[in-house]
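In what follows, a structure is listed as structure tokens, so that the remarks can point back to it.
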Amino acid sequence: KNEVEQSPQNLTAQEGEFITINCSYSVGISALHWLQQHPGGGIVSLFMLSSGKKKHGRLIATINIQEKHSSLHITASHPRDSAVYICAASRADGLTFGKGTHLIIQP
Amino acid sequence: ETGVTQTPRHLVMGMTNKKSLKCEQHLGHNAMYWYKQSAKKPLELMFVYSLEERVENNSVPSRFSPECPNSSHLFLHLHTLQPEDSALYLCASSQDPSFPTNEKLFFGSGTQLSVL
């Protein structure tokens with residue numbers, strides 16, 4: 001069992017919908033990263049957070065340390081948001097990655 | 001454009017070949033990383049270099065040999081690979097030289113490697 005679990009694994013939605021991707025981790029962490037990977041393979045770091053909530057444009061990331069849970073929200077989703085979203089937990093031995101959520105936004 | 005450039009983007013090699021993957025970062029960062037991403041598996045850390053010194057070797061087989069000649073360049077030398085080594089190999093960098101870091105990582109676009 002991976003120490004970082006993401007859900008759903010796959011998500012298809014219509015343009016404009018509100019999207020939520022979840023990440024749960026089983027051990028204590030110092031920070032939680034959200035990453036975006038486009039079909040070309042390159043990865044972009046979206047957020048790094050250790051408490052509360054961060055917002056950047058239409059993206060919002062939240063974390064609940066007590067519940068060991070983080071969510072990534074996308075408001076007014078757009079086809080260009082289609083990508084794999086990966087969460088990663090930062091611990092003493094480095095980053096532990098989830099398997100990713102494959103998001104497709106249909107026009 | 002993340003400031004981290006990897007070449008080649010795609011590589012096909014036989015099991016007896018020797019090839020090298022190259023990574024260059026233009027960000028003035030102090031640490032560089034090699035990750036492996038296999039299909040339907042999480043990213044796996046392979047190697048970490050901090051201030052040009054290797055600080056992490058995550059039980060990687062010796063057929064993978066990293067080299068960091070300076071703080072801007074990182075290589076992964078490949079020889080006698082196996083078909084199960086086929087994967088996307090990603091390079092990353094961070095400003096913070098400490099490992100592990102809580103700073104953001106900046107990734108390259110990766111090299112898609114196929115071993116026949």
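Laboratory data are not the source of any read-out in this text; all were calculated from the coordinates shown. These figures come from a predicted structure and were not determined experimentally. In this analysis, Cβ positions are derived from the backbone assuming ideal geometry, glycine residues included, and neighbour counts consider all displayed protein chains.
Brief remarks on what is shown
- Of all the criteria given as (1) within 12 Å of another protein chain (Cβ to nearest Cβ); (2) surrounded by fewer than 19 Cβ atoms within 10 Å (Cβ to Cβ); (3) over 20 Å from A:THR101 (Cα atoms); (4) of a type in the set (Ser, Thr, Tyr), the one not satisfied by B:SER38 is (3).
- Set B:PHE106, B:PHE99, B:PHE47: member being closer than 22 Å to A:SER90 by Cα and touching a Pro at 6+ places or on another chain (Cβ under 7 Å): B:PHE47
- The lone criterion from (1) among the β-branched types (Val, Ile, Thr); (2) outside any strand (DSSP E or B); (3) exposed (fewer than 14 other Cβ atoms within 10 Å of the Cβ) left unmet by B:VAL12 is number (2).
- If only residues of segment B:59-71 that are surrounded by fewer than 17 Cβ atoms within 10 Å (Cβ to Cβ) and touching a strand residue (DSSP E or B) at 6+ places or on another chain (Cβ under 8 Å) are counted, the one that is farthest from B:HIS10 (Cα to Cα) is B:PRO69.
- Selection from segment A:6-54 of residues that are more than 13 Å from chain B (Cβ to nearest Cβ) and closer than 19 Å to B:GLN95 by Cβ: none
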